[in-house]
Amino acid sequence: MTTYDLPKISNRRRLTNTITAKVIGAGGVAVIAAIVLIMGYLFWVILPIFAPTSIEVLDEVSQLPEDVLAIGSDDSFEIVTLIRGNGRVEFRNPSTFEVENFVDVSSTPWRDAILVFPTTDTYAVRDSANEVRFFRIAHQVRYIDNERVLEQRVEPVFVNSSYQLPPNTDDFDAYRSDEDLRIVARLNEGSLLLVEFEEVDDDFELEFPDENTIAGRVGTDRTFFGPRGRFLYNINSETGDYQLILVPSVLRPRVVQSSSFAVDGRAPTAVEPLLGRYSILVGHDSGEVRQWSLSPSEIGTILKPIRSMDFDAPISALASEQRRKGFVAVDNQRTAHLAYTTSNRILTSIQLEAMPKLLVFSPRADRLVTYQDDQIHTYAIENDHPEISWSSLWGKVWYEGYEEPVFSWQSSSADTDFEPKFSLTPLLFGTLKAAFYAMIFAIPIAVAGAIYTANFMAPGMRAWVKPGIEIMAALPTVILGFLAGLWLAPIVEDHLTSVLLCVFVLPVGMLVFATLWSRMPSKVLSVCDGWFAAIAVPVIVLLIWLTLEFDQPLANVFFGGDAKSWMYEKLGLEYDQRNALIIGIAMGLAVIPTIFSIAEDAIYGVPQHLVHGSLALGATRWQTLVRVVLLTASPGIFSAIMIGFGRAVGETMIVLMATGNTPIMDLNLFQGMRTFAANIAVEMPESEANSTHFRILFLMALVLFFITFMFNTVAEIVRNRLRTRYGNL
């Protein structure tokens, strides 16, 4: 007879339970800690986006020359360049403004010095004889004996050749592309001289220009080129009237718009082009600054006011940043206001010492330099992410070149004048759209399959079907995305009629087959009880094959020969090969195993005494299923659906490979979308570390986390309520 030491067994069990509880508790704490750390890191990366802008006086220097025509600097603001009217270019220390180097470029005094649009290092200068010359200021970093040295050079452009303007020239501007050089000169009687040099090269002289003189408006006092040198802005500051001139060639200019910047008959007080010159900032004595932008219209491209900002006092001066759509507005109280157009934000303000004659941003917009009389003031700016605001992230924004405000995501472009578009709304819409269509496809199949497998399928067949479907969950989604994008999408496009009709053909065909099957002899039905799914598979395959085989005849009958053309003509729906339908099918296949497995376990786990009791009271199998089994299993079924939804929301590879990745907002089943997850996967490797784009991608991850957390929280609340309500059945 075997004897047991009960106290020892009890102690072992208590020890085992204690260790198990501590391990499980430690695992739970580790999961919570991991989530908190992830959240903390996301916030750490994102919070600088919303940091306030600051500006403060850095340096103040007096007793400088009074003939400064233009001010520039290198990228890192280690050297400040002064272009003086005596023909000298001076390179000065930005702290003390002591001369470190200088170059006497010309012995003839200069009247004007301007940056050649759209360059940031090439200047055009006009001397007292109205002769225009060009030169480039270069800053080169070299290492001599392992010591970093910043060298400055003044390099003549076009072999120091020049162009002679007429003696009655009031103002001029220059544009340089890779091949052409254009000059516009405003003559004092109001006409405009247009000059174009074709196929120019820095190492060759300027020669054989095309010239043309066109009538302008008397009284205009400012003329400058627009984007790509294809437009001219001709502005009269006294009245606010302007002309927009299209210049496809200097020999074929055409006035496309004549209008006015004036408000209530009052002329503007300041005018300044933004980066790229697609837009013009116009300041008024009311304190308002309006942004006028080139926008398409029925008569062509014209200037339209797209936004405005209100300041406290009349605007006296404006200056724009060199690489972004930001600007500074100085009012008549000498207060400088930093602002940004896209986000429509006034960022910060500072009181200036005097009204500036010159107002210049450094290339990185981290310094602001003001010059008046013989004084220069330098201001340090902390303004890393001015383009971000609640409205720019989630609201409609009127971007340059658009007819109206829109939701848009376009984070980069090959054009340096590009205005980044960081609206998250199209990506949120695409995320929910992809998940919605995937769930429409997956929920009926997964839940119905779980109900049949748990209640009606033969045990022998269930032993094969359930593990087989669960194994599908381990299938890499990149394979599903690959097959969906390269194999399924062309098939659906070529047989769109059949795919659409399968929605009706399969249910009707299976209903007819089930009706006929129910009339089979009872002996056959009893033998095949629980194996109907296996018998129905050939029927489903046959129905699909027949529908595909008769695709064109069906298209002729229902869609006039072509389903895509019929949908576009009758419903206005465009068809894109990689669309939400493909995503619904492919991502639905990825979600089905998850929903099926959890729902089937919940249904199969319903206590059998409830089922037997219902059947004993005379209920049929279907009545028992609907009124007992599904109610009892509803918490598990609902959890399965919500977990599947969370899986669909976070899916990356399928939506990345099987959609056009176009961030559009269209519920159309036959159009694509872009989701948060796919966008992060595509753009994160290309984003610059710590840039606005980089941080917004992390913001997307945080939003995606919150979406999943929100739906999981709602699912848990509903599941608990269902469990409380039906758990005592």
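The values are calculated or read from the model by the stated rules, or taken from the named source; none is laboratory data. Remember, predicted model here, so these are calculated numbers, not experimental data. Counting neighbours? That spans all protein chains shown, and the Cβs are built from the backbone with ideal geometry, glycine included. Only protein heavy atoms, including side chains, enter the accessible area calculation; ligands, DNA and RNA are left aside. Shrake-Rupley method; radii C 1.70, N 1.55, O 1.52, S 1.80 Å.
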* Asked: Would you pick out the residues in the range 118-153 that are open to solvent by 70 Å² or more (accessible area, probe 1.4 Å), modelled with pLDDT under 90 and in contact with an Asp or Glu (Cβ under 8 Å, 6 or more places away or on another chain)?
  -> Gln140, Arg142
* In the range 163-173, what count of residues is obtained for those that are modelled with pLDDT of 90 or more, more than 40 Å from the chain's Cα centre (by Cα) and in a strand (DSSP E or B)? -> 2
* Go through (1) in contact (Cβ under 8 Å) with a residue 40 or more places away in the chain; (2) aliphatic (A, V, I, L, M); (3) closer than 18 Å to Ala70 by Cα and name the single condition Val159 misses. => (3)
* Quick check, is Ile299 open to solvent by 30 Å² or more (accessible area, probe 1.4 Å), modelled with pLDDT under 95 and closer than 25 Å to Phe231 by Cα? -> yes
* Could you count how many residues in the range 414-459 are without any contact (Cβ under 8 Å) to a residue 60 or more places away in the chain and farther than 30 Å from Leu274 by Cα? -> 3
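Give the range 201-231 a look and list any residue that's under 37 Å from the mean Cα position of the chain (by Cα) and either open to solvent by 70 Å² or more (accessible area, probe 1.4 Å) or not small (Gly, Ala, Ser) (or both), or say none.
Restricting attention to the range 201-231, the residues satisfying the condition of being under 37 Å from the mean Cα position of the chain (by Cα) are 222-231.
Residues satisfying the conditions are Arg222, Thr223, Phe224, Phe225, Pro227, Arg228, Arg230, Phe231.
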* Asked: Are there any helices (runs of 4 or more DSSP H) wholly within the range 540-657 with 1 or more residues that are in contact with a Leu (Cβ under 7 Å, 6 or more places away or on another chain) and under 29 Å from Thr675 (Cα atoms), and if so which?
  -> 563-566, 580-604, 630-649
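Might you check whether a residue that is farther than 20 Å from Leu47 by Cα and within 19 Å of the chain's Cα centre (by Cα) occurs anywhere in the range 684-692?
If we filter the range 684-692 for residues that are farther than 20 Å from Leu47 by Cα, which is where we start, we get 685-686.
Next, from what is left, pick out any that are within 19 Å of the chain's Cα centre (by Cα): 685-686.
Within the range 684-692, one or more residues are farther than 20 Å from Leu47 by Cα and within 19 Å of the chain's Cα centre (by Cα).
Given the options Ser343, Ser293, Ser286, name the one that is assigned to a loop (DSSP other than H, G, I, E, B) and open to solvent by less than 10 Å² (accessible area, probe 1.4 Å). Steps first, answer last, please.
Numbers: Ser293 fails: assigned to a loop (DSSP other than H, G, I, E, B); Ser286 fails: open to solvent by less than 10 Å² (accessible area, probe 1.4 Å).
After applying the criteria, what remains is Ser343.
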* Asked: If you take the residues in the range 383-421 that are of a type in the set (Asp, Glu) and surrounded by fewer than 20 Cβ atoms within 10 Å (Cβ to Cβ), which one is farthest from Gly300 (Cα to Cα)?
  -> Asp384
* To do: Would you be able to say whether some residue in the range 174-190 is among the aromatic types (Phe, Trp, Tyr) and either out of contact with any Phe, Trp or Tyr (no Cβ under 6 Å at 6 or more places or on another chain) or in a loop (DSSP other than H, G, I, E, B) (or both)?
  => no
* Considering each residue of the range 454-467, count those that are more than 45 Å from the chain's Cα centre (by Cα) and either part of a helix (DSSP H, G or I) or loosely packed, with under 15 Cβ neighbours inside 10 Å (or both), and give that number. => 8
* **Whichever residue in the range 232-275 is part of a loop (DSSP other than H, G, I, E, B) and among the charged types (D, E, K, R) and, among such residues, is surrounded by the fewest Cβ atoms within 10 Å (Cβ to Cβ)** => Asp264
* For residues that are in a loop (DSSP other than H, G, I, E, B) and over 22 Å from the mean Cα position of the chain (by Cα), scanning just the range 35-67, find the one that is surrounded by the most Cβ atoms within 10 Å (Cβ to Cβ). => Thr53
* Asked: Taking the range 68-86 as the search range and keeping residues that are among the small types (Gly, Ala, Ser) and closer than 14 Å to Ile137 by Cα, which one is surrounded by the fewest Cβ atoms within 10 Å (Cβ to Cβ)?
  -> Ala70
* Please work out if Ile388 is at pLDDT below 95, assigned to a strand (DSSP E or B) and in contact with a Phe, Trp or Tyr (Cβ under 8 Å, 6 or more places away or on another chain). => no
* Asked: If we keep just the residues of the range 526-550 that are free of Cβ contacts under 8 Å to residues at least 24 places away in the same chain and among the β-branched types (Val, Ile, Thr), which is most open to solvent (accessible area, probe 1.4 Å)?
  -> Val527
